[in-house]
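The values are calculated or read from the model by the stated rules, or taken from the named source; none is laboratory data. Please read these numbers as outputs of a predicted model, since none were measured by experiment. With ideal geometry, Cβ positions are generated from the backbone for all residues, glycine too; neighbour counts draw on all protein chains shown. To get the accessible areas, we keep the full protein, side chains included, count just its heavy atoms, and leave off ligands, DNA and RNA. Shrake-Rupley method; radii C 1.70, N 1.55, O 1.52, S 1.80 Å.
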Amino acid sequence: MGINKKIIQESVSNILVALGENPLREGLIDTPKRVANMYEEVFLGIQYTNDDIVSMFNKCFEEEQDIFLTNGIVWINDIECFSFCEHHMSLIYDMHITIGYKPLHKVIGISKIARIADMVCKRLQIQERIASDILEILGKITESNDIFIKIEGKHGCMTSRGIQKTHATTCTILTSGIFQHNPLSFNTKESGLV
């Protein structure tokens, strides 16, 4: 089921009327179309399952066993993303995602890790599910059971409405395998990893 931009445009026009606006005034006449185009872009990930995303970004490089594969960890800090909260459809912004994994016999192209995070975020989400989706997809692609996900972000549903705590940041950490033993040891500036 694709994104139906016609229904989105009609719905946005109705929302403008419900707000007491005139959807035909100059500044708003193209707003329903612009919103529909924006939604098609920012909610692209809704069109794909986690398994679809595995297929899209399953680009790994086979490596022979060496010292890195025995003892190494691949770590990417500060992947910048945004998403939309499924409860209020408000922006989750200033989001930084850290992803680490211990390779087994293959490594994934590092740009694919950022693409996975970006595609998962292009859904109506909660921050906890973003972490679990990334972990599931990365595990299927790399076949590694040792994965670390840390996400920090600000939620518009908390900063711009309701309690209005503009500096509040939400942090979630999800780990598997070796990272479960002491995940906070990978969550310090002193470790050099985050």
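Which lysines, if any, have their Cα less than 23 Å from the Cα of K5, not counting same-chain residues under 8 positions apart?
K33, K122
With 30 Å as the cut-off, how large is the P(r) tail for the chain, expressed as percent of Cα-Cα pairs? It would help to have the intermediate numbers written out before the result.
On the way: 5826 of 18721 pairs.
Result: 31 percent of Cα pairs exceed 30 Å.
With every protein chain kept in place and ligands, DNA and RNA left out, what is the accessible area per residue of the chain? Probe 1.4 Å, answer in Å².
Working: 10930 Å² over 194 residues.
Normalised by residue count, the accessible surface of the chain is 56 Å².
7 Å from Cα along Cα→Cβ at both K5 and A18: what's the point-to-point distance in nm?
2.3
To the nearest 500 deg cm²/dmol, what mean residue ellipticity at 222 nm is calculated for the chain from DSSP H runs of n ≥ 4 alone, each contributing -39,500 (n - 2.57), summed and divided by the residues? Let's see the in-between values first.
On the way: 7 runs with 70 residues, N = 194.
When only DSSP H runs of four or more count, the value is -10500 deg cm²/dmol.
Which is the longest run of the chain containing none of the GluC sites (Glu not before Pro) found in DSSP loop states (not H, G, I, E, B) with at most 16 other C-beta atoms within 10 Å?
Working: sites that count: E21, E26, E63, E64, E86, E143.
Here the longest run is 87-142.
Tell me the label-point distance for the pair C171, N50, using the 7 Å Cα-to-Cβ offset, in nm and rounded to one decimal.
2.5
Using the Karplus curve 6.51 cos²θ - 1.76 cosθ + 1.60 with θ = phi - 60°, work out ³J(HN,Hα) for each residue of region 112-129 in order, rounded to whole Hz, and write x for Gly and Pro.
5, 4, 5, 5, 4, 4, 5, 5, 4, 6, 7, 9, 5, 9, 10, 4, 5, 6
Test of understanding: in a Gaussian network model of the chain with alpha carbons linked when under 10 Å, which of T159, T31, T170 would top the mean-square fluctuation ranking?
Of the options given, T31 has the highest mean-square fluctuation.
What is the local net charge at V54, summed over the other residues whose Cβ is closer than 10 Å to its Cβ (Lys, Arg +1; Asp, Glu -1)?
Working: positive: K140; negative: D51, D52, E136.
Taking every Cβ under 10 Å from that of V54, the sum is -2.
Measuring from label point to label point, each 7 Å out along Cα→Cβ, what is the I110 to K33 span in nm?
Taking the simple label geometry, I110 and K33 are separated by 4.3 nm.
Computing the accessible area with a 1.4 Å probe over protein heavy atoms, can you report the carbon and sulfur percentage for the chain? Numbers along the way, then the final one.
On the way: 5940 of 10930 Å².
Ligands and nucleic acids excluded, carbon and sulfur reach 54 percent.
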